[in-house]
Amino acid sequence: MKKINIKRKFPNFETIHLLKAGIKIYPLCNIYPTAGFGKNVQVGAYTEIGNNVQIGDNVRIGAMCFIPEGVIIHSGAFIAPRTTFTNDRFPPSDKSKWEQTIIEKNARIGAGVTILCGLTIGEGALIGAGSTVTKSVPAGETWAGNPARRLKRKPQHLVRGIFRQLEVLWNKMF
C-alpha cells in the first residue's frame, strides 16, 4: 500500500488551518477536501473521512474508521477504532438514495461498531464495542449487541421521567 501525503493528494487541503485549530491527523488517513472540522479534533491512522462529513469541536476518532459522506458528528463525541458508518442501505445505489447519520453531542461509540445509515445516536448515548446499530439510539441510553438493543438509561433521564410522572399524578389529584 502506498503512503498518502495529504498535501500532495489534496493540494488545496488547508493543513496550516488544521494545525491552528488544534486538529491532529495521524499518518495515512484519506480525508476528502470538503470534510469540515471543528477545533481540537483527533483523527487516528488509516481513517477515511468522506466528502461533506461534518465534525464538531473536541471530537476524537480512532484508527481505521470509515466515515462516508452524509455523516455529522457533533461536539465532544468519541468514535473508537474500527467504527464503520454506512450511507447506503442497498449498495450500490444512486447518491440520491444515500441517507444521513447524525452523532449527537458527547455520544460514545465503542470499537468495531457498525452504524447503518439514516440513524441518530442521541446526546450522551453509549454504544458497546462490536455492536451493529440498526435503530436510532435515544439520548443517554446504553446500547450493545448484534443487533444493538437498549441495556440501560442514564440516571438523569430516569430522574426526569420520575418527575414527569409525579407531575402528572399531582395534576390528576388537584
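Every number in this text was worked out from the coordinates using simple rules, so none of it is lab data. Just so it is clear, the structure is predicted and the values come from calculations on it, not from any experiment. Glycine gets a Cβ as well: all are built from the backbone with ideal geometry, and neighbour counts include every protein chain shown.
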Subject >> Matching residues, the stretch 77-98, being surrounded by 19 or more Cβ atoms within 10 Å (Cβ to Cβ) and assigned to a loop (DSSP other than H, G, I, E, B) >> reply: A77, A80, R82, T83, T86, N87
Original post:
Looking at the stretch 138-156, which of the residues that are touching a helix residue (DSSP H, G or I) at 6+ places or on another chain (Cβ under 9 Å) and part of a loop (DSSP other than H, G, I, E, B) is nearest to R89 (Cα to Cα)?
Top reply: P138
Original post:
In the stretch 45-76, how many residues are of a type in the set (A, V, I, L, M, F, W, C) and buried (at least 19 other Cβ atoms within 10 Å of the Cβ)?
Top reply: 9
Subject >> Residues within the stretch 108-123 that are in contact with a strand residue (DSSP E or B) (Cβ under 8 Å, 6 or more places away or on another chain) and either under 20 Å from T47 (Cα atoms) or in a loop (DSSP other than H, G, I, E, B) (or both), tallied >> reply: 11
Original post:
I49 versus (1) closer than 22 Å to G110 by Cβ; (2) touching a Gly at 6+ places or on another chain (Cβ under 9 Å): which is the lone unmet condition?
Top reply: (2)
Original post:
Applying the selection to the stretch 34-44, what residues are buried (at least 17 other Cβ atoms within 10 Å of the Cβ) and closer than 19 Å to W98 by Cα?
Top reply: A35
**OP:** Select, from K105, K135, the only residue that is touching a Phe, Trp or Tyr at 6+ places or on another chain (Cβ under 9 Å) and either outside any strand (DSSP E or B) or under 22 Å from I25 (Cβ atoms) (or both).
**Re:** K135
Original post:
Just wondering, is there one or more residues in the stretch 43-53 that are touching a His at 6+ places or on another chain (Cβ under 6 Å), farther than 21 Å from P27 by Cβ and part of a loop (DSSP other than H, G, I, E, B)?
Top reply: no
